Amino acid sequence: MAVVIAMLRGVNVGGYQKIKMEALKTLCGSLGLRDAQTYIQSGNVVFREDSEEPVTLATRLENGIEQTFGFRPDVMVRTPSELRKAVAKNPFADRPEIAPSRLLVSFMASAPAPQARNKVLAMPCDPEELRIHGRELYVYYPNGMARPKISMARIEKVLQRSSTGRNWNTVLKLMAMAEILEASR
């Protein structure tokens, strides 16, 4: 059985698309996903599953959420190995002055086309810094995320990819949860 990390886009933000995490765990169980654990209220769930194709698994979760809760958030899935690679590729790792709460990793379902990637990386966004590695976009917000110079909506429009962002602390916590679940086989 494989361990999977699923991150839901736009749930429990500003009072919209509400899902209680206990209800999300129950839904996962009804879909045959085992040992589901959630982290904070933003739609993070780690579970075991029977090695289903990631795109199929994401669609199955999206369908289940739509049938159960009446809305359909995008779901981004990663294996523990993929999440470890995303952590290892953090382009800001060698800069100790970067606060984890000001570093966002935006997870996309698929890597953007090279032309779109280059266009985003060329966008003026100083003092913010953008880097893309595969299906992950890393954004450092030195002044915080409240009033960014460049919006994620604009970035997504150029990349032509939906994504869901997690701050660095959350990324590390999800990785730790997945590794504990992996070790408990």
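The values are calculated or read from the model by the stated rules, or taken from the named source; none is laboratory data. Here the structure is a predicted model, which is why all the values come from computation and not from measurement. Neighbour counts are summed over all protein chains in view; Cβ atoms, including those assigned to glycine, are modelled from backbone coordinates with ideal geometry.
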Task: Whichever residue in segment 131-185 is of a type in the set (D, E, K, R) and touching a residue at least 60 places away in the same chain (Cβ under 8 Å) and, among such residues, is surrounded by the fewest Cβ atoms within 10 Å (Cβ to Cβ) - done: 185
TODO: Go over the candidates 92, 71, 47 one by one and state the one that is more than 26 Å from residue 130 (Cβ to Cβ) and modelled with pLDDT of 95 or more.
DONE: 47
Task: Residues located in segment 52-101, provided they are of a type in the set (Lys, Arg) and within 20 Å of residue 164 (Cα to Cα) - done: 60, 72, 78, 84, 85, 89
Open item on the list: Just to be sure I understand, how many residues within segment 133-151 are among the charged types (D, E, K, R) and closer than 13 Å to residue 171 by Cβ?
Closed with: 1
- [ ] Considering each residue of segment 3-51, count those that are exposed (fewer than 15 other Cβ atoms within 10 Å of the Cβ) and either farther than 18 Å from residue 165 by Cβ or touching a residue at least 24 places away in the same chain (Cβ under 8 Å) (or both), and give that number.
- [x] 15
Open item on the list: Which residue is surrounded by the most Cβ atoms within 10 Å (Cβ to Cβ), if the candidates are limited to segment 55-73 and must be within 20 Å of residue 37 (Cβ to Cβ), touching a residue at least 40 places away in the same chain (Cβ under 8 Å) and of a type outside the set (Val, Ile, Thr)?
Closed with: 61
Task: Answer residue from segment 27-66, given it is part of a helix (DSSP H, G or I) and touching a Lys or Arg at 6+ places or on another chain (Cβ under 9 Å) and is nearest to residue 108 (Cα to Cα) among those - done: 54
- [ ] Would you be able to say whether some residue in segment 70-85 is part of a helix (DSSP H, G or I) and under 25 Å from residue 13 (Cα atoms)?
- [x] yes
Open item on the list: Just to be sure before I move on: is residue 117 closer than 30 Å to residue 47 by Cβ and modelled with pLDDT of 95 or more in the structure I sent?
Closed with: no
Task: residue 115 among the polar types (S, T, N, Q), exposed (fewer than 15 other Cβ atoms within 10 Å of the Cβ) and either within 14 Å of the chain's Cα centre (by Cα) or closer than 25 Å to residue 30 by Cα (or both) - done: no
